[in-house]
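A short write-up of the structure that comes next.
The values are calculated or read from the model by the stated rules, or taken from the named source; none is laboratory data. Worth saying up front: this structure is predicted, and the values here are computed from it rather than measured. No Cβ is skipped: glycine too gets one built from the backbone with ideal geometry, and neighbour counts run over all protein chains shown. When the accessible area is computed, the model is the full protein with side chains, heavy atoms only, and any ligands, DNA or RNA have been set aside. Shrake-Rupley method; radii C 1.70, N 1.55, O 1.52, S 1.80 Å.
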Amino acid sequence: MSAGNGEPVLISVYVPFVVTATLTVLAPRMVRRLPPRPAAWALACAALVTAVGWTGSLALLAFTGVAQIPQIAEEGRWSVAALRAEDPVYLVVAVGSALVLTAGIVSLGVAAIRQARHLIRARRECADLPGEIELAVVDDDTPLAFALPGAPGRIVVSRGMLRCLGNDEREALLAHERAHLRGRHHLFQGLWRLTAALNPLLRPLAAAGGFVLERWADEEAAERVGDRTVV
């Protein structure tokens, strides 16, 4: 809490909200100007730090306001008058913060369970794929290709996709998917999904992050095949 008056706390406690709003507007534009690898790391760090700050500010507002309720102050053995003088927070702000915080934590829990199930399912599918080499070709006319994280990961490509591509394009495709596996891009995606579940204002960062990861994979593929046009 503050030492003399409530101003320092009242100002600093809202800083994470301002930072979140600023990142929501500026980050998707800024990362397009950065190389994809550092852009992905910057977005991941920004999302994590912002989510933690957001949660801390909501918790502080909720506690400071609810703690001014006489019955709670009596249980905690602190002075309501002193607390109001030091860190005045309206009860409606405290209740609203508590509700937002509760909703965010519940949403985070649901997202975490979904993410865990997704990773478990991906690893099972990876283990069930035929063959033991990195590439698994499935008999499907629909053009599709994706990387499955695992230990090790696998690249899944349909016969329909292979028929659509020339030799150089196939090499570019495989290089792109290998970049996803090598960079552990699923961990970046998981972090952005979880932080966006906790703080919905971070959803634009998650969307921008997905675009950055594709750029990252494309850049590595272009370096591998030596032809950006093919990629």
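Numbers for the structure displayed
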read-out: Probe 1.4 Å - accessible area at Asp227, Å² to nearest ten; value: 60 Å²
read-out: Convex hull volume per residue for the stretch 153-227, taking Cα atoms only, in Å³; value: 97 Å³
read-out: Separation in nanometres of the label points that stand 7 Å from Cα toward Cβ, at Glu223 and Ala103; value: 4.3 nm
read-out: Heavy atoms of Trp54: accessible area, 1.4 Å probe, square angstrom to 10; value: 30 Å²
read-out: Rounded percent of accessible protein surface that carbon and sulfur make up, the stretch 79-197, 1.4 Å probe; value: 60 percent
read-out: Directionally averaged projected area (convex hull, Cα atoms, the stretch 76-231), nm²; value: 13.9 nm²
read-out: Distance between the stretch 131-149 and the stretch 19-64 - C-alpha centres, whole angstrom; value: 35 Å
read-out: His186, His180, reordered so the largest accessible area comes first (probe 1.4 Å); value: His186, His180
